[in-house]
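The values are calculated or read from the model by the stated rules, or taken from the named source; none is laboratory data. Since the model is a prediction, treat every value here as computed from it, not as a measurement. Cβ sites come from the backbone with ideal geometry, for glycine too, and all protein chains shown count toward neighbours. When the accessible area is computed, the model is the full protein with side chains, heavy atoms only, and any ligands, DNA or RNA have been set aside. Shrake-Rupley method; radii C 1.70, N 1.55, O 1.52, S 1.80 Å.
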Amino acid sequence: MNHVNSKTLMGLGAAAVVAIVAAVVISTHRQPVSEVGLPSGYALPELRDHVNDVRGVTITVAEDKPVVTLVRNDQGWTLKEKGGYAADTGKLRELLLRLADASLLEQKTASEPRYPELGVEDVKATGAKGVMLTL
């Protein structure tokens with residue numbers, strides 16, 4: 001009863017080869033398509049050589065309301081909203097270095113009415129979900 005027919009074995013082998021070839025073809029055709037004209041490289045290339053020149057950082061939310069303003073002076077980085085309280089320089093430096101290394105990957109949409117879905121609408125709008133970081 002455990003006798004395997006050679007025709008059956010050949011048929012299973014051929015089916016396996018066809019399945020593997022089909023899987024390879026499908027996987028190579030499903031590679032991400034890059035947008036034509038999308039700039040490649042760093043998102044903020046001018047920041048890379050000027051990280052140490054940054055003198056202020058402002059985080060703005062909906063209705064164009066600044067919530068955090070960091071200012072660099074002779075004593076170091078301070079928080080304007082907290083009366084000049086010292087900011088964590090290490091964390092701020094890490095943020096600036098990560099921004100300098102940030103790269104562009106792909107455009108999510110060119111349709112401005114869809115910006116609120118992605119949280120990238122203008123922060124001047126009421127109820128805007130995103131934030132604007134100004135250096």
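Here the calculated FRET efficiency for E81 and M132, from their Cβ-Cβ distance with R0 = 22 Å, stands at 0.85, rounded to the nearest 0.05. Between 0 and 90 degrees, the angle of helix 6-29 with respect to the longest Cα principal axis of the chain falls at about 20 degrees. Seen against the Cα atoms of the chain and their longest principal axis, helix 89-101 is set at about 50 degrees. Note on A43 and V21: with the Förster distance fixed at 25 Å, the Cβ-Cβ geometry gives a FRET efficiency of about 0.05. In the full protein context, the chain carries 80 Å² of accessible surface per residue, based on a 1.4 Å probe and ignoring ligands, DNA and RNA. Counting 0.36 nm for each residue step from T28 to E117 and taking away their Cα separation leaves a gain of 29.0 nm. Once you sort the root eigenvalues of the Cα gyration tensor of segment 53-104 as a ≥ b ≥ c, which label holds: rounded (a/c under 1.5), prolate (a/b larger than b/c) or oblate (the other case)? Oblate. Packing around the peptides 95-108, 6-19, taken as the average count of other Cβ atoms within 10 Å per residue, puts them in this order, highest first: 95-108, 6-19.
Over the chain, what percent of the accessible surface lies on carbon and sulfur atoms, probe 1.4 Å? Carbon and sulfur atoms account for 58 percent of the accessible area of the chain.
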